[in-house]
Every structure is written in C-alpha cells, then in structure tokens.
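These notes concern the structure reproduced below.
The values are calculated or read from the model by the stated rules, or taken from the named source; none is laboratory data. All values derive from a computational prediction rather than experimental measurement. When we count neighbours, we look across all protein chains shown, and the Cβ atoms used for this are built from the backbone with ideal geometry, even at glycine.
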Amino acid sequence: MSEPDFENRTVLVTGGSRGIGRACCLRLAKAGACVAVNYHRQEADAAETVRMCEAAGPKAIAVQGDVADEASVAAMVARINSKLGPIDMLVNNAGIFEYVMHEEATLEHWRRTININLTGLFIVTWAVKSQMIARNFGRIVNMSSISGLRSRPYGIAYAASKAGVIGFTKSVSEALISHNIRVNAVAPGLIETEIIDDVDAPVLERIVSETPMKRIGQPDEVADVVHFLLSEASRFMVGQTLVACGGRVMLP
C-alpha cells in the first residue's frame with residue numbers, strides 16, 4: 001500500500017480523539033487524507049490528535065458531536081463539508097464498553113450502550129451516505145469487536161451491540177454497493193488503549209494466556225487493517241468483518 005492512497009480524500013473518524021480512533025486518524029493522514037477527528041467530550045485529546053495528523057498529512061480538524069444525537073451529527077457533518085468538502089470515507093469507531101455482570105445490568109445501561117455503539121453508527125452512516133451516493137463513491141469501515149463473535153457474560157449489552165455492527169455491515173454493504181460504496185468491518189480483540197485501565201491484572205493475564213500470539217494488540221495494528229479496508233487494495237471485499245485479535249478468535 002503506497003502512502004498517498006487517499007490524496008484528495010476526506011475521512012471522518014468518529015471517536016477519533018484517542019486510542020484506536022487516534023491511530024486510525026494518524027494512519028489515514030499519513031496516507032494523504034484530510035481527516036475530521038470527531039470527539040464528544042475529550043476536546044484536548046482531539047486537539048492533540050489534530051496536531052499529530054497535521055504533522056503527517058495535508059489537513060485535519062476536530063469536530064465535536066454526539067454520535068447518538070441526530071441533530072448533533074447533522075451539524076458535525078455540515079461543518080466538515082464546509083471545512084474539508086464532501087466526506088469520501090467514514091470510520092465508525094465511536095463506542096463505549098462498561099464491565100457489567102448480569103446482576104448489575106439495567107435497562108439504562110443497555111440503552112446507553114446500544115444507542116452509542118449501534119444506533120450512533122446508523123445515524124452517522126445515514127448522515128453521510130447521501131453525499132457518497134451523489135458522488136458514486138464511498139468507503140465505510142465499522143468498528144465491531146470479537147465480543148460480537150463470542151460470549152461476553154460481563155458485557156452482554158456490548159456483545160449484542162457489536163454483533164449488531166456485523167449484521168448492519170453485511171446488510172448495508174449489499175444495499176449500497178451499487179453506488180460504489182464499500183462497507184466492511186473490523187473486529188479487534190483486546191487492544192492497549194485507555195479501555196484496559198480498569199481491567200484487573202489477573203484478567204489481562206488470562207486474556208494474554210488465551211491468545212495464541214501471547215500479547216495484547218496495539219492501536220496502530222488495528223489502524224493498518226482499517227487503512228487496508230478503505231484502500232483499493234481491498235477493492236473486491238464488501239460486507240466482510242476482519243478479525244484482528246492475535247488469534248484469540250479464528251473464523252472458519
């Protein structure tokens with residue numbers, strides 16, 4: 001994959017202020033894309049991501065927006081269009097994970113998780129697909145998780161939302177491919193981001209022991225998969241979910 005893959009392309013990365021989202025922003029900026037870094041509350045982190053992207057690529061902006069709020073997303077997309085032009089590529093990365101056993105799981109927790117992880121993905125995709133259809137070009141990558149492929153008794157709502165991302169990806173990909181819009185997904189395993197800060201050491205050790213590669217993944221390793229799916233190197237792939245988890249889950 002050559003570095004200027006995305007020259008003259010604009011990409012929106014939701015939840016782009018840190019972690020996997022930041023790694024995706026930086027990887028795509030290095031590939032020549034103009035990057036819109038979406039954040040909800042982490043304004044300082046988003047500003048730092050923009051600084052890093054501008055040092056590596058042509059242009060980057062931070063755009064505040066709550067992916068679960070339709071009006072907020074519409075305003076965010078309008079700002080991107082005015083500053084960077086039409087959105088060519090979308091990385092639906094924003095999401096939350098809460099370590100909750102079934103005894104503590106509530107309807108409020110369920111709704112919050114589904115609203116951000118799944119409904120938010122729908123809202124953002126629907127906010128950009130019309131401009132992609134009008135230009136007969138679009139590339140979308142949705143962030144799922146291996147939790148959508150295996151049981152997760154301490155994260156039932158999260159697992160359900162990420163399984164939903166996979167189903168959404170399959171159906172939307174077939175609906176939009178006639179407009180030259182390719183939709184795929186990535187299902188990471190445990191990645192070294194702020195999300196593991198609250199995970200107990202014995203749990204991390206168990207996960208590493210269950211992983212054939214015997215280590216936790218890095219954000220840039222997921223970003224490389226996202227880059228591949230957005231690029232023409234994956235031009236014959238649509239509706240697929242690529243697993244990046246060190247072998248902890250192996251699909252047939």
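Counting the residues of the stretch 24-46 that are closer than 23 Å to Gln218 by Cβ, surrounded by fewer than 23 Cβ atoms within 10 Å (Cβ to Cβ) and out of contact with any helix residue (DSSP H, G or I) (no Cβ under 8 Å at 6 or more places or on another chain) gives 2.
Among the residues making up the stretch 70-87, those that are assigned to a helix (DSSP H, G or I) and surrounded by fewer than 18 Cβ atoms within 10 Å (Cβ to Cβ) are Glu70, Ala71, Ser72, Ala74, Ala75, Ala78, Arg79, Asn81, Ser82, Lys83. Here Gly16 meets each of (1) touching a Ser or Thr at 6+ places or on another chain (Cβ under 9 Å); (2) surrounded by fewer than 22 Cβ atoms within 10 Å (Cβ to Cβ) with one exception, condition (2). Looking at this structure, is Val124 crowded, with 16+ Cβ neighbours inside 10 Å, assigned to a helix (DSSP H, G or I) and in contact with a helix residue (DSSP H, G or I) (Cβ under 6 Å, 6 or more places away or on another chain)? It is true that Val124 is crowded, with 16+ Cβ neighbours inside 10 Å, assigned to a helix (DSSP H, G or I) and in contact with a helix residue (DSSP H, G or I) (Cβ under 6 Å, 6 or more places away or on another chain).
When Gly239, Gly217, Gly189 are checked against the criterion of being under 16 Å from the mean Cα position of the chain (by Cα), surrounded by fewer than 19 Cβ atoms within 10 Å (Cβ to Cβ) and not β-branched (Val, Ile, Thr), a single residue qualifies: Gly239. Restricted to helices (runs of 4 or more DSSP H) entirely inside the stretch 148-252, those with at least 3 residues that are in contact (Cβ under 8 Å) with a residue 40 or more places away in the chain are 156-176, 219-230.
Of everything in the stretch 88-110 that is over 22 Å from Leu190 (Cβ atoms) and among the charged types (D, E, K, R), the residue that is surrounded by the most Cβ atoms within 10 Å (Cβ to Cβ) is Asp88. Taking the stretch 98-144 as the range and being farther than 20 Å from Val226 by Cα and either in contact (Cβ under 8 Å) with a residue 60 or more places away in the chain or of a type in the set (Lys, Arg) (or both) as the test, the residues that pass are Glu98, Tyr99, Arg111, Arg112, Arg135.
In summary, Ser151 fulfils each of the numbered conditions (1) hydroxyl-bearing (Ser, Thr, Tyr); (2) closer than 16 Å to Gly21 by Cβ; (3) modelled with pLDDT under 95 with the single exception of condition (2).
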